[in-house]
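Peer 1: I'd like to ask you about the structure that follows.
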Amino acid sequence: MLRAELSSPGASSQPAAPAADRDLAFLRRFAGPLVLLARAMLAYIFLKDGLWQVSHYAEVGGYMSQNGVAPALLPLVVLTHLGGGLLVLIGLSTRWASIALMGFCLLTALLFHLAPDQAIQFDKNIAIAGGFLALATFGPGPWSLDGWRGRAG
């Protein structure tokens, strides 16, 4: 910026955004509800799958066995799905829960979805892990228990 621009009343200390970014500036105004929606979208699959795992416990244990994973770990899997999904949804300890769910997605991709017929499932888990990485990095937003408590998550 020119010195005259910096000293003029109302001038911003930040460089002007490119035109394409200015068109999306309205998103900042709605950041709270949009990040809540993003958290709900990420949590949805974990809450849904966790409930399904509880109602199909033996079947899930068998699937784990077929893939070389001890079915004794199933309670931890259910706790990760339901507990982590709920924490992300309400925005409590969001960054830690996001890191845990990111790791879970990566492990699931590597342990269960490496076969060629599982490519879509593998890709889905990698993409969801990326969403959790972004959530862990940028936080849960103001419309969260972490935000209301004044914590970073």
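The values are calculated or read from the model by the stated rules, or taken from the named source; none is laboratory data. Small disclaimer: the values here were computed from a predicted structure and weren't measured. Quick reminder, even Gly has a Cβ in these numbers, built from the backbone with ideal geometry, and neighbours come from all protein chains shown.
Peer 1: Do you know which residues across segment 70-85 are under 19 Å from Ala129 (Cβ atoms) and in contact (Cβ under 8 Å) with a residue 24 or more places away in the chain?
Peer 2: Once the filter is applied, which keeps residues that are under 19 Å from Ala129 (Cβ atoms) and in contact (Cβ under 8 Å) with a residue 24 or more places away in the chain, segment 70-85 yields Val77, Thr80, His81, Leu82, Gly84, Gly85.
Peer 1: Going residue by residue through segment 105-118, is there one that turns out to be of a type in the set (Gly, Ala, Ser), closer than 19 Å to Pro33 by Cβ and in contact (Cβ under 8 Å) with a residue 12 or more places away in the chain?
Peer 2: No: segment 105-118 contains no residue that is of a type in the set (Gly, Ala, Ser), closer than 19 Å to Pro33 by Cβ and in contact (Cβ under 8 Å) with a residue 12 or more places away in the chain.
Peer 1: Of everything in segment 78-108, what is outside any helix (DSSP H, G or I) and touching a Ser or Thr at 6+ places or on another chain (Cβ under 9 Å)? Give them in sequence order.
Peer 2: Correct list: Gly91, Leu92.
Peer 1: Moving to a separate point now. Out of Gly147, Gly141, report the one residue that is surrounded by 15 or more Cβ atoms within 10 Å (Cβ to Cβ), at positive phi and touching a Gly at 6+ places or on another chain (Cβ under 8 Å).
Peer 2: Gly141
Peer 1: Out of Asp123, Asp117, which single residue is in a helix (DSSP H, G or I) and either farther than 18 Å from Phe46 by Cβ or modelled with pLDDT under 95 (or both)?
Peer 2: Asp117
Peer 1: Would you pick out the residues in segment 91-127 that are touching an Asp or Glu at 6+ places or on another chain (Cβ under 9 Å) and under 18 Å from Pro140 (Cα atoms)?
Peer 2: Gly91, Leu92, Ser93, Thr94, Arg95
Peer 1: Here is a follow-up. For segment 51-69, state whether one or more residues are closer than 23 Å to Leu145 by Cβ, within 22 Å of the chain's Cα centre (by Cα) and without any contact (Cβ under 8 Å) to a residue 12 or more places away in the chain.
Peer 2: No, there is no match, as no residue in segment 51-69 is closer than 23 Å to Leu145 by Cβ, within 22 Å of the chain's Cα centre (by Cα) and without any contact (Cβ under 8 Å) to a residue 12 or more places away in the chain.
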